[in-house]
Amino acid sequence: MPSGSAQAWGTSERGPGKTSISPAVVQKVAGIAAREITGVAAMGGGVSRAFGAIRERIPGGGTSATAGVQVEVGERQAAVDLDVIVEYGVSIAELARAVRRNVTTAVERMTGLEVIEVNIAVNDIRLPEEDRPEPAAPRVE
């Protein structure tokens, strides 16, 4: 599914006026909600994780809340696709249920859009030894 585009903004016409919700907003809300679940080690596939690692090294680059998140937004509904990396030992089925529930609740509560589906692709498992930082080599001898 392509990431959201400007012409497919969600709208709400409750009350006077019209509210438009950018797909980028839905992406951020979904990404933050997915990362809130214990056991989600990271988001994104190999390429987006590599770009994310580079971005984190750039001062002010930070991490992208939308990495690994694609959305499709209509006038009243949204669909979300997530690429996740799971911590080793976590039940993937339970994690997927928790992520789906949290993403759906957050997006619907914040945007008023009905979330019709949250698809989750588990791309990798983070092993415990991958979290240990390597000892820094001295810069000079």
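All of the numbers you see were taken from the coordinates with simple rules; none came from a lab. Source: prediction; values computed, not measured. Cβ placement follows ideal geometry from the backbone for every residue including glycine, while neighbour counts extend to all protein chains displayed.
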Subtracting the Cα-Cα distance of I92 and E36 from 0.36 nm times their residue separation yields 18.6 nm
Report the full-extension gain for the segment M110 to Q77: residue separation times 0.36 nm, less the Cα-Cα distance, to one decimal in nm.
-> 10.6 nm
The answer for the net charge of residues other than N119 whose Cβ lies under 11 angstrom from its Cβ, with Lys and Arg +1 and Asp and Glu -1, is -3
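So how strong a dipole does region 66-106 carry about its Cα centre when Lys and Arg Cβ are +1 and Asp and Glu Cβ are -1, to the nearest 20 debye?
Details: 4 positive and 6 negative charges, 41 e Å.
Dipole of region 66-106, to the nearest 20 debye: 200 debye.
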